[in-house]
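The structure appears right after this line, and notes come after that.
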Amino acid sequence: MRRRHGLFVEEQAIKLGYKVSEAGPAVLGLQPPRATDRCTVFMEQDLARLIRTGSTPQEAFAAVMVSVVKNYLNKVVGNRYRSREKVFFQGATARNPALVAAFERLLGVEIVVSPYCT
């Protein structure tokens, strides 16, 4: 996942009052409302709209997790081959269990995360 996606997730977590390390676990298991995956500017606008229209901060942040993953898959991965059995996720953003769960949900495959992500 590109660095800008990780930074965006971090910024949104802080705006919603979470420590970055707590944000992912806080939204696990939630059914996120729909949000755009076009770019982080629109994602940020959707986050504000979701909060204004009654979504909880947890629901809104869960929507961000799914949107970031969709954006990455559509804009970065695109039509490239990807395993239908297992995907390896590395880097600091792989420590966010909500992003891992979003990848698993959207791809329908096991996501393997190294215990040495930095």
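One table, with the values for the structure above:
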item	result
Segment 53-84, subset touching a helix residue (DSSP H, G or I) at 6+ places or on another chain (Cβ under 8 Å) and among the hydroxyl-bearing types (Ser, Thr, Tyr), residue nearest to Glu110 (Cα to Cα)	Tyr72
Inter-residue pairs, beta-carbon under 7 Å, first on the phi > 0 side of the Ramachandran plot and in segment 79-105, second assigned to a loop (DSSP other than H, G, I, E, B), 6+ apart	Gly91/Met1; Gly91/Cys117
Scan of segment 30-52 for residues that are more than 12 Å from Val64 (Cβ to Cβ) and at pLDDT below 85, ordered by number	Arg38, Cys39, Val41
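The values are calculated or read from the model by the stated rules, or taken from the named source; none is laboratory data. Bear in mind the structure is a predicted one, so any value in this text is a computation, not a measurement. Backbone-built Cβ (ideal geometry, glycine too); neighbour counts: all protein chains shown.
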